[in-house]
1. Run the 1.4 Å probe and let me know the accessible area of A:His283, rounded to the nearest 10 Å².
2. Would you rank A:Val306, B:Val130, A:Val287 by solvent-accessible area, highest first, keeping every protein chain in place and using a 1.4 Å probe?
3. Taking amide hydrogens as modeled 1.01 Å from N in the peptide plane, which residues meet the under 5 Å criterion relative to A:Gly114, leaving out close sequence neighbours?
4. Residues of the range A:108-133 with backbone nitrogen within less than 19 Å of a virtual label 7 Å along the Cα-to-Cβ line of A:Ala363, please, listed as ranges.
5. Specify the angular offset, from 0 to 90 degrees and rounded to the nearest 10, of the alpha carbon long axis of helix A:156-165 from the longest principal axis of the alpha carbons in chain A.
6. Between their Cα atoms, which of A:Lys174/A:Lys198; A:Lys174/A:Lys251; A:Lys76/B:Lys137; A:Lys76/A:Lys355; A:Lys95/A:Lys198; A:Lys167/A:Lys251 are more than 25 Å away from each other?
7. About its Cα centre, how strong a charge dipole does the range A:64-366 have in debye, to the nearest 20, once Lys and Arg get +1 and Asp and Glu get -1 at the Cβ?
8. For helix A:18-42, what angle does its Cα long axis make with the longest principal axis of chain A, in degrees from 0 to 90 and rounded to 10?
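The values are calculated or read from the model by the stated rules, or taken from the named source; none is laboratory data. From a predicted model like this one, the values you see are computed outputs, not experimental measurements. Cβ placement follows ideal geometry from the backbone for every residue including glycine, while neighbour counts extend to all protein chains displayed. Only protein heavy atoms, including side chains, enter the accessible area calculation; ligands, DNA and RNA are left aside. Shrake-Rupley method; radii C 1.70, N 1.55, O 1.52, S 1.80 Å.
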Amino acid sequence: MSTYLEAPVETERRPLSIAITVARLALIGVALVVVAGAFAYLGGWLSPNNLTPARFTDAFERVDGVHAGFRRNHAKGVGVSGVFESNGNGARFSKAAVFHPGRVPVVGRFSLSGGQPDVADGADAVRGLGLQFNLPDGEVWRTAMINLPVFPFRTPEAFYQRLVASKPDPNTGKPDPAAVQAFLDRHPEIVQAMNVIKGQPLASGFDNSTFHGLNAFRLVNSTGSSVPVRWVLTPMQPFEAASTASSVQDKNYLFDALIAQIHRQPLRWQLILVIGQPGDPTHDATVAWPAGRERVDVGTLTLDRVDAEDTSAATDINFDPLVLPAGIAPSDDPLLSARSAVYSQSFTRREGEAKQPSPITPADVHRGD
Amino acid sequence: MPAQPRFPAVSRLLHWTMAVMVLIMLCIGVAMVVSLGDYHALVSIHRPLGIAILILVVVRFVNRLINPPPPLPATMSRAERLAATASELAMYGLMLVLPLVGWGMLSAARYPIVLHGSVHLPFILPHNAVLYAVLRKAHTILAYLFFLTFMAHVGAILFHTLIVRDGMLRRMAP
Ligand code: HEM
Ligand code: HEM
Ligand code: HEM
């Protein structure tokens with residue numbers, strides 16, 4: 001190559017022979033094709049079967065349909081807002097301003113899992129709470145938590161395969177039981193996690209549910225030392241078990257109850273940091289850490305306002321779990337980067353679509369005002 | 001024949017530094033949006049590196065005013081000169097607009113625009129879903145356009161160097 005590049009510059013350039021001209025043109029062509037090929041390879045065009053954020057999002061859409069303007073998962077929800085009052089106990093572990101003693105405004109969103117915004121509330125659906133803490137210096141902390149004690153899937157691939165297996169069969173309208181069973185046989189950790197989940201009593205509503213961050217993170221304090229952490233929001237509303245009676249209930253009974261409760265009085269949760277020990281798995285959200293880990297109560301979350309999605313500030317927020325302030329860092333949990341990537345894809349799709357009115361309307365939300 | 005005039009040293013330094021940066025940015029960009037595992041790490045590099053390009057292109061523009069490029073080789077026709085100037089202009093434009101669109105789209109979506117640790121940029125646009133969606137699409141289209149312009153640029157330089165043999169590469173060689 002260098003002999004070509006260093007070809008002497010001649011005043012009276014001898015014409016190149018046809019053969020050399022063709023060879024050099026071919027060389028240029030090859031160089032450009034190699035560059036374009038490398039670019040195509042990096043962009044995934046040469047690996048159409050890789051699991052990408054777009055294909056993951058497509059899978060949600062295949063299972064639950066496309067509901068323009070809505071989240072591809074946790075589609076049904078309402079916005080909330082309030083304040084987090086930090087007691088300063090977290091500052092020992094993390095330099096993040098959210099753990100200094102003081103108050104930080106919070107915007108959040110309660111949701112039910114699944115991609116259908118108008119699904120009937122039910123005990124089976126996973127309850128979600130997305131939160132954004134607006135730190136004083138413009139930093140932001142976002143977290144999206146659910147009411148399960150462990151996550152059923154260790155890897156994004158396992159979650160994806162489960163989604164694919166759960167797609168209803170067009171003939172029966174139900175997922176193919178053989179496909180689901182075959183999938184579970186390959187993933188004993190899911191069966192184990194499901195047992196843990198079934199062993200936890202289900203609370204009657206959003207207000208008395210415990211919300212788990214599930215993924216591990218690292219807290220970094222002002223001296224630079226770091227500890228593994230998981231966080232939990234424990235309700236200050238008394239626990240009451242969900243009724244087992246399968247009586248026909250209001251389609252929005254969970255959300256309606258939440259709305260009525262917030263209108264009566266602010267709802268409160270304690271934010272608990274569970275500090276991990278060396279050796280506790282940080283890469284596996286399907287297993288709980290051993291009991292007896294230090295649990296630090298770092299403050300109280302108070303939610304005193306609820307808004308329908310049509311008007312809530314939370315609607316156009318992506319509760320990406322890797323939007324973190326300095327002092328909270330990701331762990332090696334493979335779900336984290338995958339969540340960030342897929343949430344971004346879901347967010348980009350829904351923000352580009354015309355917004356439909358939310359099934360829980362502003363009138364529903366303001367009935368109690 | 002007298003050696004081709006070369007670009008001033010500062011211009012050459014800026015050209016090659018930024019060429020490497022832009023290429024890395026294009027590669028990171030297309031790779032991160034198809035990755036689950038590396039998405040976060042890549043996007044965390046993509047933001048500050050893109051902003052660095054934004055700063056450097058301003059420096060480079062000022063430098064070009066102070067240190068104008070040497071005259072183009074006499075071998076170039078009018079049309080070629082026009083094409084060369086247009087593609088250089090396009091690349092300057094893209095080095096400026098692409099990072100601005102990146103910054104703008106994250107502003108419109110109200111993502112904190114973290115460069116490193118607690119260092120983050122202010123928002124340059126209002127919170128607006130449609131604005132985000134449009135800019136996000138524009139970011140992709142402009143990035144691909146940049147890649148095509150880059151290919152044309154390299155193709156033209158190689159053509160001049162290997163076929164026309166007017167020593168064009170030497171003008172910019174480090
Ligand atoms: C690889 C694993 C996961 C994938 C692919 C995934 C996918 C998604 C998607 C696509 C959305 C909608 C995002 C949007 O449009 O804004 C979403 C929302 C949500 N996810 Fe996940 N998720 C995963 C794991 C988890 C885990 C482990 C938790 C709980 C700890 C969780 C809790 C939530 C919550 C609460 C929401 C609703 C947030 C909101 O209101 O905006 N997800 N998820
Ligand atoms: C994405 C990467 C690149 C960008 C953005 C870029 C941009 C530019 C720009 C804007 C100029 C005009 C001169 C100036 O104002 O600095 C230029 C000139 C030049 N570039 Fe690049 N360039 C890139 C990559 C390359 C590569 C890979 C090569 C080598 C094949 C190359 C070779 C040259 C040469 C030889 C000139 C001088 C042209 C002349 O004689 O006027 N560039 N480039
Ligand atoms: C010269 C500078 C830049 C180049 C060449 C570049 C290139 C790219 C490319 C090729 C993509 C993938 C597009 C796609 O396939 O959809 C991308 C996406 C992206 N870029 Fe840039 N970019 C630049 C600057 C920036 C800046 C300054 C920011 C923010 C501060 C930024 C933020 C992003 C984000 C957030 C995404 C998409 C992530 C997602 O959708 O999940 N970029 N960029």
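1. Accessible area of A:His283: about 90 Å².
2. B:Val130, A:Val287, A:Val306
3. Long-range HN contacts for A:Gly114: A:His74, A:Ala75.
4. A:118-119
5. Taking the Cα atoms of chain A, the angle to A:156-165 is about 80 degrees.
6. Correct reply: A:Lys76/B:Lys137; A:Lys95/A:Lys198.
7. I would put it at about 380 debye.
8. 10 degrees
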